[in-house]
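The values are calculated or read from the model by the stated rules, or taken from the named source; none is laboratory data. In this text the structure is predicted, and so the values were computed from the model without any measurement. No Cβ is skipped: glycine too gets one built from the backbone with ideal geometry, and neighbour counts run over all protein chains shown.
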Amino acid sequence: MAPKKGNSEDIGWQYGTMLGSRHNYKCNYCGHTGQGGGVSRLKKYLTGGLLARYHDVQGCKSVPSEVKRLMVEHLKGVGPRLQESGQTGRCRRGSHEGSEKKTTTMSKKFM
């Protein structure tokens, strides 16, 4: 049985394999397996992790420098596109409707 490639539209799956669910991956260069984070975490892993300022991910020591550079450029391009569309990819504290009311109520309790 051939390994799953995930969403073949995403550039990251060219350099890793999906394991079971889309959240787990295996690096094609070193065999490292990651649980959680999926293709986004795989791409951060391929950039070198800490070296590319992704503090929550260790980096692959076997990835070619060209692939590393490609992943860094790709991830830099994804951020601005999400901001333009109004999406951030993360939930920011206090960004939900009604959160001000809850915060105000909580603040009054502790005053």
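Residues in the range 39-53 that are surrounded by fewer than 19 Cβ atoms within 10 Å (Cβ to Cβ) and under 19 Å from Asn24 (Cα atoms): Ser40, Gly49. When the range 28-81 is filtered for residues that are at pLDDT below 85, in a loop (DSSP other than H, G, I, E, B) and within 22 Å of Met18 (Cβ to Cβ), the ones remaining, listed by number, are Tyr54, Asp56.
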